[in-house]
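First the structure, in the form of structure tokens, and then the observations on it.
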Amino acid sequence: MNDEAYMRLALHEAQRGRGLTYRNPLVGAVLVKDDQVLGAGHHVHFGQSHAEVDAFNQVQHPEDVKNSTLYVTLEPCCHTGKTPPCAHQIVDWGVKEVVVAQMDPNPLVKGQGISYLEAHGVTVKMGVLSTEAEQLNETYNFYYRHKRPLVTVKTAQSLDGKIALPYAARTYLTDAEANVMIDDDRAEQQAILVGSQTVLDDDPQLLVRQPLEYAPVRVILDRRGRLVPPLRLLKCDVPIWLFTTNCHVAERFSAYPQVRIFVAKRWPVAAVVQQLGQLGIQSLMVEGGAHIQNAFLAADLVDQLLIYQVFEVFGRLSLPAFTGPEDRRQKFSPRNIMQVGNALRILAGRQ
């Protein structure tokens, strides 16, 4: 097997940590010697063993690791966090060569792990299957390179771009099969955002149906402070971050420890995104309503559009979906298109 084949094994291993690493990246590692795999591992869980250590722990005879080659999907860390520095342990194990798919964009690492290995006599080879490794941790990479979360605007709409029928209390567009996929989409996010009007109209819980250790934070834009308990949002302890200009809102929610209030004179969406970035949120799904989505488009803060388009025409009196800014075009490229249930799922990325 060649370098690419072993790195594919490492990428496969990395996927085993999906949903468990929280704000840490997915990472896989494979230890190889004399064309034999000694051990394979992945980043097991947020705050627990990194992939390199997990691979080492799978080796039957640890002394065999001396003069081996380590394949790892992301640059080994070189700082002490919740676990010791992996780069130091790699040197201690006597690994001869490290093949790395992608440099870590986190400023705590960012080339320093590679430099440490090379300074201690370890040969480092970079860039094997780098594109695949980049895709594995798209939101993590985006966050550290742009210093804000990757923003996805999600909507369900008719063929003529409408989101609700006229005079209807609530219009359900997607069927049960599509809703399962929407739930999966939500589960990939670290935060879900809606405006206060959506809460008033629909009284949603904004929860993911599948059990998650790290459920997405529920972000509510309630600038005027219109929301008042009781709300279905408050029936579980998943965090709620409420952004408002009304200094009296905190009193209303003082009995709910899961609610965190952010008060400022103004909350333009750019300031909200900046605040979320400072709080470590790496990915944000903006679900609505159309007014909020338009604000994100106008502020040039939409990195992806996720559209569930149903095969119906609602008519001109129906409520329209987002419209985008009036004075310029915004170009997106198709990333994935598939039919799910009664809807066409379209994921488009900003060009």
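Mind scanning 147/265; 82/125; 125/154; 110/235; 147/331; 125/147 and naming the pairs with a C-alpha gap bigger than 32 Å?
On the way: 147/265 23 Å; 82/125 27 Å; 125/154 39 Å; 110/235 42 Å; 147/331 22 Å; 125/147 28 Å.
Violating the 32 Å limit, Cα to Cα: 125/154; 110/235.
Plainly put, the stretch 148-350 has a radius of gyration that is 0.95 times its Kirkwood radius, both from alpha-carbon atoms, as the Rg/Rh ratio. For the chain, the Kirkwood hydrodynamic radius comes to 22.3 Å, computed from all pairs of different C-alpha atoms.
How would you rank 333, 68, going from fewest to most other Cβ atoms within 10 Å of each one's own Cβ?
Least crowded to most crowded, the residues run 333, 68.
Where in the chain lies the longest segment free of chymotrypsin sites (Phe, Trp or Tyr not before Pro) that are both loop residues by DSSP (not H, G, I, E, B) and have at most 15 other Cβ atoms within 10 Å? Present the calculation step by step, with values, prior to reporting the outcome.
Working: sites that count: 22, 46, 167, 172, 214, 311.
My reading of the result: 47-166 is the longest stretch.
Electrostatic tally near residue 249: other residues with Cβ closer than 13 Å to its Cβ, Lys and Arg +1, Asp and Glu -1, net +3. For the residues 87, 176, 215, a GNM of the chain with alpha-carbon springs under 10 Å puts the largest fluctuation on 176.
Which percent, to the nearest 5, of DSSP beta bridges fully inside the chain are antiparallel? Write out the running numbers ahead of the final one.
Details: 27 of 64 bridges.
Approximately 40 percent, going by the DSSP bridge assignments.
The fraction of all Cα pairs in the stretch 3-143 landing in successive 5 Å bins from 0 to the largest distance is 2, 11, 23, 27, 22, 11, 3, 0, given as whole percents.
Since every read-out is calculated from the coordinates, none of them should be taken as a lab result. Everything numeric here is computed off the predicted structure, so don't read it as measured data. Here the Cβ is made from the backbone with ideal geometry for all residues, glycine too, and neighbour counts use every protein chain on show.
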